[in-house]
Amino acid sequence: MTRSSPSLSSTSIPNIDRNSKLHIKASEIADLFVLENGFLQKAVDQYNIQALEGLAKHTERGLPMIPSYVSDTPTGKEVGTFLALDLGGTNFRVCSVELHGNSTYSIVQKKTTVPDSIMKSTLHEFINYLADRVQEFLNEYHASFLQECKKDSSHKPLKVGFTFSFPVNQTHINRGTLIRWTKGYDIKDAVGKDIPLALQQELDKRNLHVFIAAVVNDTVGTLMSRAYTKPSNCGDTVIGCIFGTGTNGAYSEPLVNITKFDRSAAPEVKSDEMIINTEWGSFDNDLKILPNNKYDNQVNLNTRNPGFHMFEKRVSGMFLGELLRLCMVDLHSQGLLFTSPEAKAELFTTEGNINNQSDLFTPWSMNTAVPAVFHSDNTPDLSPSAKHISRHLQFTPTLEELVSIQLIARSIGKRAAAMAAIPLAGAIIHTRALEKHEKVDIGADGSVVENYPYFQEMIREALAQTSLGPKGVERITLGIAKDGSGVGAALCALEAKEYH
Ligand code: BGC
């Protein structure tokens, strides 16, 4: 594959020495992120092998392929008011969602950033943190509902869809145990516990009169919300996916193919299909096929879940800035990058030691915005990139340094987008979607797919290199599905028929 995106203009190439040691070394690093010709289709085949294995049995390291207990995709005519809780990564949102029944909805929400101390606390502290936020929200936006419930204890509770975007082994539409944490969380005593049940018990203790009717992965919510809101000229929505802090996808599978699913233990399931939360972040945890250069390796070792979600660590937003930072540290340690007096004064202490306070040496200090800004920068002096990165480094790199960083950033970004196409192509091929539908629609959400420059174009370009081919890709739409975690969760809560 070529290194630069076709969508990038090449009219204003910065004028620097392309034979310098720095430029040569940076090109070598950038090449470590270039996928070999033919890799994509091989990876798609491998993805489908691992997906079939996951549908047959659950193994610790395999693709989880989790039955979601959600079957019906919406029609756009659904109505009602619901509460949606959304814990996806950095933020916890509490929302009130009103479905209007004409593909539209309104939403009122309150968002808080989950403190790092909670992300590695205990189950008790974590659940109390969530319950506090729900209580605050209800007091602020549903005070009269709480009053009515006080007067009449038989009042119907408010139905809640709880988007909990971590791998959960679902046992019912509103029950499931946490398989493992991802995206920087590490609450050890929560693993193996039923998180929605624990939250429900805490909410009951506080007499809040809400009922968690569905626990939903954000990808399932995205599939539901895209089906509810999509413009009528798009095709049938077959995949809901997230490319944000983490990555994952959901699609619908006939129950007969989910051979690990014991239907006799789930009499409430009436449909012959069920949405599967693939947890594709865990594709190829054993690295049978995924590229693995020394920076990938380092990133993995620095995570709170080493050895797991290996696909996610090459594709999603939590990792792209960190990959770039590690490449810069490497070039710096070789005496090739950030060699100006201004840079040295910032990166070394007066004793000549490394300045550990600098973002350059601080793991996870640079998010995906850093490679994103470099990726789209077509100015001759790379001034937008210089401005952005100097906020992290406290000095301005030279033009030659900026060009080298850009080379690597684009390669990291392009690999991520190309790899994002693997499970998408896998699911489209596995479900024979192009044979069944004239047009196939993918609903996507997340900061990377929304904001990373050219990410969607690069995905499409990679999809065309698989057996779907350019003709197949012409029949596929990829649309941003806004707020799957809110609207989608509400739609799942609606689908759940029962109360306590
Ligand atoms: C989680 C998934 C989630 C995805 C996107 C991953 O880390 O394991 O459950 O859907 O992030 O938020």
Legend entry - the chain: relative contact order in percent, alpha carbon pairs under 8 Å with at least 6 residues between: 24 percent
Inset, instruction - May I have the pair-distance distribution P(r) for region 327-446, computed from all Cα-Cα distances with 5 Å bins from 0 and rounded to whole percent? - result: 2, 9, 17, 18, 14, 9, 8, 7, 6, 5, 3, 2, 1, 0
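When ranked by the protection proxy of mean other Cβ atoms within 10 Å per residue, highest first, what sequence do the peptides 110-121, 323-334, 276-287 form?
276-287, 323-334, 110-121
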Inset, instruction - Using only the alpha carbons of region 375-483, determine the length spanned along each of the three principal axes and report them from longest to shortest in whole angstroms. - result: 56, 30, 19
Legend entry - Largest to smallest principal axis extent of the C-alpha atoms in region 78-197, angstrom: 38, 32, 27
Inset, instruction - Diagonalise the Cα gyration tensor of region 190-283 and give the resulting equivalent ellipsoid semi-axes, square root of 5 times each eigenvalue, largest first, whole Å. - result: 26, 19, 16
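Arranged from highest to lowest average of other beta-carbon atoms within 10 Å per residue, in what order do the peptides 15-26, 236-247, 297-308 appear?
Answer by packing, highest mean first, reads 236-247, 297-308, 15-26.
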Legend entry - Convex hull projection area averaged over all views, region 389-451, Cα basis, nm²: 6.0 nm²
Inset, instruction - Treating each Cα of region 281-361 as an identical point scatterer and ignoring solvent, apply the Debye formula and state log10 I(q)/I(0) at q = 0.11, 0.15, 0.19, 0.23 Å⁻¹. - result: -0.38, -0.62, -0.82, -1.02
Inset, instruction - Can you tell me what the convex hull of the Cα atoms of the chain projects to on average, as an area in nm²? - result: 24.3 nm²
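First select every other residue whose beta carbon is under 12 angstrom from the beta carbon of LEU130; then total the charges, Lys and Arg +1, Asp and Glu -1.
Result for the neighbourhood of LEU130: -2.
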Inset, instruction - Quick one: angle between helix 317-333 and the longest Cα principal axis of the chain, in degrees between 0 and 90, rounded to 10, please. - result: 20 degrees
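FYI, it's all coordinate maths here, none of it is from the lab. All figures in this text were calculated on a predicted structure; none of them were measured in a lab. Positions of Cβ are backbone-derived with ideal geometry, glycine not excepted, and every protein chain shown enters the neighbour counts.
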